[in-house]
């Protein structure tokens, strides 16, 4: 019998999509909630409401989790969601995929690019960031992307990006610079 993470990998493979890194401790807890919705937590709010999940980690202490889902509404407002709260890392990726007027090949290429960067970030997070740090990465093709770096002035606006990959690249660069210190 296949585990739910194996079912998710197979689903992504059939769709021609990359599969992101989910740390083992979270992968063991990943459960299929419904078609194209896998999570280590109960999904009371659709992952499409990105702001809910971002605000939640800012306002309360939440247990580490992973969400991997395709959700949206209408003909073209669909996205693949990869949300991971893991130690000091809070990463929320909302990447266009699944809309009737979208370019599936271009979207899959962008997802591969973003997941490759995200995989590196997940692997570095616990070794580079202090336990008390909060590294927040939000990458959305619908609502914009930004980066909140530990010990950064919250008023600094230079960490806003049009493209999710740019936010991920900048986060990875910050992590590499921090590791060298």
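Bear in mind that the values in this text are calculations on the coordinates, not laboratory data. It should be emphasised that the depicted structure is a prediction, and the values quoted were computed from it without experimental measurement. When we count neighbours, we look across all protein chains shown, and the Cβ atoms used for this are built from the backbone with ideal geometry, even at glycine.
Peptides 1-14, 136-149, ordered by how many other C-beta atoms sit within 10 Å of their residues on average, highest first, read 136-149, 1-14. Every helix of 4 or more DSSP H residues in the chain counts as -39500 (n - 2.57), and over all residues that averages to -12000 deg cm²/dmol at 222 nm. Tell me the angle of helix 164-180 to the major Cα principal axis of the chain, expressed in degrees between 0 and 90 and rounded to the nearest ten. The two axes meet at around 40 degrees. The relative contact order of the chain comes to 16 percent, based on Cα pairs under 8 Å that sit 6 or more residues apart. Given (i) 46, 13, 12; (ii) 25, 19, 16; (iii) 30, 17, 13, which label gives semi-axes √(5λ) of the Cα gyration tensor in Å as computed from the coordinates? Derived directly from the coordinates: (ii).
Descending by average beta-carbon neighbour count within 10 Å, the peptides 84-90, 117-123 line up as 84-90, 117-123, the highest first. Highest-first packing order for the peptide set 124-130, 29-35 is 124-130, 29-35, based on the mean count of other beta carbon atoms within 10 Å.
With respect to the chain, whose longest principal axis is taken over its alpha-carbon atoms, helix 50-59 is tilted by about 40°. Between helix 4-14 and the chain there is an angle of about 70 degrees, using the helix long axis and the longest principal axis of the Cα atoms.
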